[in-house]
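Below is one structure, written out as structure tokens; comments come after it.
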Amino acid sequence: MPAKPRRCAVRMTAVCALTMVAAATRSLPAQPTALPTAPAAKTFSAPAWAFPTAPPSTAPVPAPDSVTPHRVPNSARRYTWADVANRFNAPDWFPAQHPPMPSRVLYGIRPEGRACGYCHLPDGQGRPENATLAGLPAEYILRQMRAFRDGTRLSANPVSSTNSMHTAARGTPDDSLLVEAARYFSRLTPRRRNVVREVRHVPTTRIAGLLYAYDGHGTEPIDGRLIEVPESIERHELHDPWVRYTTYVPVGSLARGRRLATQGPAGVATACATCHGPDLLGVGEIPAIAGRAPTYVLRQLINFRTRARRDSTAAPMYAVVDTLTIDDMVALAAHIGSLPPTRSPRRASR
Ligand code: HEC
Ligand code: HEC
């Protein structure tokens, strides 16, 4: 019987959070287990706009073109859409920009364990609809993989309680392959690829996968939303790791987010830096959050708030998110996404 993680009764502090994380890590189940009980969140419904999901279509999906080669700026490589659609051989536009990928990251394991590099990209920058893995602690990556696998980390997406990570995690029952993948991603350096813009009106968009793309029709009120859009949907779909994203948020979000992050949400005298470290670049096994895709950060705040994330080390985040409104979450995601993701950002730029 594994030891129960310590509970921090009065006030959550970094030391307390780290103790809980360490205790939970020691008691990690290697194999799927039943869901742990989690305290119920107060009423909160995840807004549908935070999880754009195209309705299922009955139209036949045409096979991707396997003839015409495509390119992205500054790469000598050429891939057809059929190459890019191969989930068991991650497109790698810039092989000189990262160490050689372990087989699990480049090829995955058939039939279900798709290549990590296919979604999270070979250099670990990820995409807003999945996650940046570059530079995260290997122990944290491994723990999250197990949480996806045993079902204690779900998604608050109102139209789907599951996501592609569950399939990828369940497709890899062998932990040693996950350890190798986790170590690979932890050694890479994250880059910030988004620009945050405060607006009253946002360009109109269409749903493209789990993300938005410009539709060129004009503008509409931002109406409290956070809308992240790639500068080129084609480069995004081609898995170009250097494509940039613009994150539109309501006017005033950045200052509000900075205030919430430094003072802590109302009623919780705990600034984010208490646990996520100076400049929010992570401490021990508590992950860095600075400079990550605002879409990802927002979805995780919602996931903690709805308890879709109830893995063994999620509890320290509950007191933080339970007092937040969706406007606060948008503001925090914008502020955090606009911070440098490394101590010396110049090192990470081309
Ligand atoms: C088919 C796409 C896909 C593949 C393949 C995939 N992932 Fe993911 N991954 C996702 C998505 C989507 C999320 C975001 C889930 C969410 O927001 O709840 C994610 C999130 C994660 C996270 C959480 C990051 C964090 O900061 O908490 C980790 C860790 C991770 N993936 C590791 C991996 C590893 C390692 C592999 C290969 C063994 C892999 N993934 C393969 C789509 C994928
Ligand atoms: C008491 C400690 C504590 C405080 C304060 C705290 N966090 Fe966290 N946070 C954690 C821990 C621990 C995790 C990892 C949870 C897990 O393992 O599932 C985490 C995870 C996260 C994640 C998910 C990261 C990922 O890679 O998926 C986000 C986003 C986040 N925190 C945002 C914030 C913000 C914003 C604040 C301030 C408003 C904050 N946190 C304050 C302890 C804390």
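The values are calculated or read from the model by the stated rules, or taken from the named source; none is laboratory data. All values reported here derive from a predicted model rather than from experimental measurement. Cβ placement follows ideal geometry from the backbone for every residue including glycine, while neighbour counts extend to all protein chains displayed.
Restricting attention to the stretch 246-257, does a residue exist that is within 16 Å of ligand 1 (Cβ to nearest atom), out of contact with any helix residue (DSSP H, G or I) (no Cβ under 7 Å at 6 or more places or on another chain) and not in a helix (DSSP H, G or I)?
No, because not a single residue in the stretch 246-257 is within 16 Å of ligand 1 (Cβ to nearest atom), out of contact with any helix residue (DSSP H, G or I) (no Cβ under 7 Å at 6 or more places or on another chain) and not in a helix (DSSP H, G or I).
Name, by its number, the condition in (1) farther than 23 Å from H70 by Cβ; (2) assigned to a loop (DSSP other than H, G, I, E, B) that does not hold for V202.
Going through (1) farther than 23 Å from H70 by Cβ; (2) assigned to a loop (DSSP other than H, G, I, E, B) one by one, V202 breaks only (2).
Within the stretch 146-181, count every residue that is under 17 Å from the mean Cα position of the chain (by Cα), in contact (Cβ under 8 Å) with a residue 12 or more places away in the chain, away from ligand 2 (no atom under 16 Å from the Cβ) and in a loop (DSSP other than H, G, I, E, B).
2
Out of the residues in the stretch 209-234 meeting the condition of being buried (at least 18 other Cβ atoms within 10 Å of the Cβ) and under 17 Å from the mean Cα position of the chain (by Cα), tell me which one is modelled with the lowest pLDDT.
Ranking the qualifying residues of the stretch 209-234, first place goes to L210.
Kindly check whether there is at least one residue in the stretch 154-174 that is closer than 24 Å to H236 by Cα, surrounded by fewer than 22 Cβ atoms within 10 Å (Cβ to Cβ) and in contact with a Pro (Cβ under 9 Å, 6 or more places away or on another chain).
Within the stretch 154-174, one or more residues are closer than 24 Å to H236 by Cα, surrounded by fewer than 22 Cβ atoms within 10 Å (Cβ to Cβ) and in contact with a Pro (Cβ under 9 Å, 6 or more places away or on another chain).
Here's a check for you: in the stretch 304-320, which residue that is outside any loop (DSSP other than H, G, I, E, B) and more than 8 Å from ligand 2 (Cβ to nearest atom) is surrounded by the most Cβ atoms within 10 Å (Cβ to Cβ)? Before the answer, list the steps.
Step one: filter the stretch 304-320 for residues outside any loop (DSSP other than H, G, I, E, B), giving 304-305, 309, 316-320.
With more than 8 Å from ligand 2 (Cβ to nearest atom) added as a condition, the list becomes 305, 318.
On the way: R305: 25, Y318: 17.
In this case the residue turns out to be R305.
Pairs needed: first member in the stretch 97-113, on the phi < 0 side of the Ramachandran plot and more than 10 Å from ligand 1 (Cβ to nearest atom); second member anywhere, part of a helix (DSSP H, G or I) and among the acidic types (D, E); C-beta distance under 9 Å; at least 6 residues apart or different chains.
Correct list of pairs: S103/E180.
Of (1) polar (S, T, N, Q); (2) without any contact (Cβ under 8 Å) to a residue 60 or more places away in the chain; (3) touching a Pro at 6+ places or on another chain (Cβ under 6 Å), T247 satisfies all except one. Which?
(2)
Take the stretch 259-302 and flag every residue that is crowded, with 18+ Cβ neighbours inside 10 Å, touching a Lys or Arg at 6+ places or on another chain (Cβ under 8 Å) and not in a loop (DSSP other than H, G, I, E, B).
Q300
With the requirement that a residue be of a type in the set (S, T, N, Q), in a loop (DSSP other than H, G, I, E, B) and more than 21 Å from R343 (Cβ to Cβ), what does the stretch 103-145 give you?
N130
Any residue at all in the stretch 315-324 that's more than 23 Å from R143 (Cβ to Cβ) and modelled with pLDDT under 95?
yes
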